[in-house]
1. Which pairs have Cβ atoms under 6 Å, sit 6 or more apart or on different chains, and link a residue in the stretch 52-81 that is touching a residue at least 24 places away in the same chain (Cβ under 8 Å) to one that is in a helix (DSSP H, G or I) and open to solvent by 50 Å² or more (accessible area, probe 1.4 Å)?
2. From GLU54, GLU118, which residue is within 30 Å of LEU9 (Cα to Cα) and among the acidic types (Asp, Glu)?
Amino acid sequence: MKYVKQLMLILLISLLGEVLCAYLPLPIPASIYGLVLMLAGLCSGIIKLAAVEETAKFLIRIMQVMFIPAAVGLLDAWGVLQPILLPVTVILVVTTVLVMVTSGKAAQWVQNRERKAERP
């Protein structure tokens, strides 16, 4: 029963994100609204971490399963993707490397800053 309550709370936050998306004239996906609402609720203490933690961990463990419909959709759209496969592949590789380098540099910057703050 605990898991059902936790899932219902997560779904309620997602529903509120959908409502915000429907009423706010911004080009932001409903899932982003839901994530921001969940973050705000957790940071403010309105939502206790224990109220969603176990179900959230379970959803993270099975996240790979959630990508199966998207992969099937890509297979279904093969006729549309085939002519632009090379540019899409180049874009994917370049942006992935760019994100990895940027993340690594940001992590190094934070680590160096923390080390300097620890020194007298």
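1. Pairs found: THR55/TYR3; THR55/LEU7.
2. Values: GLU118 fails: within 30 Å of LEU9 (Cα to Cα).
Checking each option against the conditions leaves just GLU54.
The values are calculated or read from the model by the stated rules, or taken from the named source; none is laboratory data. From a predicted model like this one, the values you see are computed outputs, not experimental measurements. Here Cβ is always computed from backbone atoms with ideal geometry, including for glycine, and neighbour counts include all displayed protein chains. The protein model used for the area step is the full one, side chains on, heavy atoms only, and it has no ligands, DNA or RNA in it. Shrake-Rupley method; radii C 1.70, N 1.55, O 1.52, S 1.80 Å.
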